[in-house]
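Every number here is computed from the coordinates shown, using simple stated rules; none is lab data. Please read these numbers as outputs of a predicted model, since none were measured by experiment. Quick reminder, even Gly has a Cβ in these numbers, built from the backbone with ideal geometry, and neighbours come from all protein chains shown.
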Amino acid sequence: MSVTKEQVEEALKQYIDPNLEKDPVTAGVVKDITIDGDAVKVKIVLGYPAYGYVDKLSADLKEKIEALDGVSSAEVDASWEIGSHSVQGGMNPLEGIKNVIAVASGKGGVGKSTTAVNLALALQQEGARVGILDADIYGPSIPRMLGIDGKPESADGKSLEPMGGHGLQAMSIGFMIDEETPMIWRGPMVTQALEQLLNDTKWKDVDYLIIDL
C-alpha cells in the first residue's frame, strides 16, 4: 500500500527545527511533497541562510520518511530563500536591501563594531548576501577591521559603489576621509552624512544590511 501525503507530513512533524523551534510543516517551509509508488520527494525552502545546516536537515528528514511503511526511498531537497520583513508604517523599503539589523550600545568600547563584523561574516558564511554600514561618524573602524582601503567609486557622480572585503559589501565615512583627519560634526551634519551613506550607496541585492551604530 502506497504511503499518503498526510503520513509523510506526520513524519515530518516529528522533527523540530532548532532555529525555528517548530516542525517543518507547522513552520510552513514544506513547499512540495511528491509520491511516486514507494518513492517520496520533499522540497523544503527555509527563510534563513542555512549553508551549514541543510545537509543535516535533509538527512534527518530523509530518515524520518524512510521509516514509514510503504516507503523504500526518500529524497529531501532543502534550500533557503531569504525574504524581506515588512517595514514600519509610512516608511519605504530601502532599494537593494531586504532586511536591516542594527547593532547598538549605550556606551563605547564594548565591542559593538566587532560584534557587527562577526555577525555580518557569520551570515555571509551561511549563504546570505550581506552589507555592513559603518554609522560611527566620529570613529569609523570597519575599514580597518575588514582590511579595506581606498575610496569608493561613483559611476554617475551621485551614487557610491560599496567597497568589498571578505565577501561583504561595505560602506563607511572612513573610506572618504584620511584616518588621521580630526572630525568635527554637529547633529544635523551627522544625520545628513548617515542618510547619504545609506541611501546613496548602490547596495546590490543585500539580504541583510548590518548597521554598526
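Calculate how many DSSP beta bridges within the range 1-156 are antiparallel, expressed in % of all such bridges and rounded to the nearest 5.
So the antiparallel bridges in the range 1-156 amount to around 45 percent.
Test of understanding: ordering Ile33, Ile142, Ile177 by Cβ neighbours within 10 Å, fewest first, what list do you get?
Ile177, Ile33, Ile142
Rounded to the nearest 5, what is the percent of antiparallel bridges among the DSSP beta bridges in the range 68-213?
DSSP beta bridges in the range 68-213 are roughly 15 percent antiparallel.
In the structure shown, do any of Lys98/Lys158; Lys5/Lys204; Lys56/Lys204; Lys22/Lys98; Lys5/Lys56 have a Cα-Cα gap over 28 Å, and if so which?
Lys5/Lys204; Lys56/Lys204
Which of the aspartates and glutamates could a cross-linker span from Lys112 if the Cα-Cα distance has to be under 12 Å and same-chain partners fewer than 8 positions apart are dropped?
Asp134, Asp136, Asp212
Per DSSP H run of at least 4 residues, take -39500 (n - 2.57); add these up for the chain, divide by its residues and hand me the 222 nm value, nearest 500 deg cm²/dmol.
After summing the helix terms and dividing by residue count, I get -7500 deg cm²/dmol.
Only bridges with both residues in the range 15-78 count here: give the DSSP antiparallel percent, nearest 5.
Taking every DSSP beta bridge with both residues in the range 15-78, the antiparallel ones total about 55 percent.
Which net charge results for the neighbourhood of Lys56, defined as the other residues with beta-carbon distances under 15 angstrom from its beta-carbon, given Lys and Arg at +1 and Asp and Glu at -1? Present the calculation step by step, with values, prior to reporting the outcome.
Details: positive: Lys62, Lys64; negative: Asp17, Asp55, Asp60, Glu63, Asp77, Glu126.
Neighbourhood net charge equals -4.
Taking the structure as given and computing semi-axes √(5λ) of the Cα gyration tensor in Å, which label from (1) 26, 23, 15; (2) 96, 10, 9; (3) 46, 16, 15 fits?
Given (1) 26, 23, 15; (2) 96, 10, 9; (3) 46, 16, 15, the calculated one carries the label (3).
Loop only by DSSP, 15 or fewer other Cβ within 10 Å of the Cβ. Give me the GluC sites (Glu not before Pro) in the range 31-87 that pass, ordered by residue number.
Passing both the DSSP loop test and the Cβ count: Glu81.
What is the distance, in nm, between label points placed 7 Å from the Cα along the Cα-to-Cβ direction at Glu153 and at Lys41?
My value for the distance between the label points is 4.3 nm.
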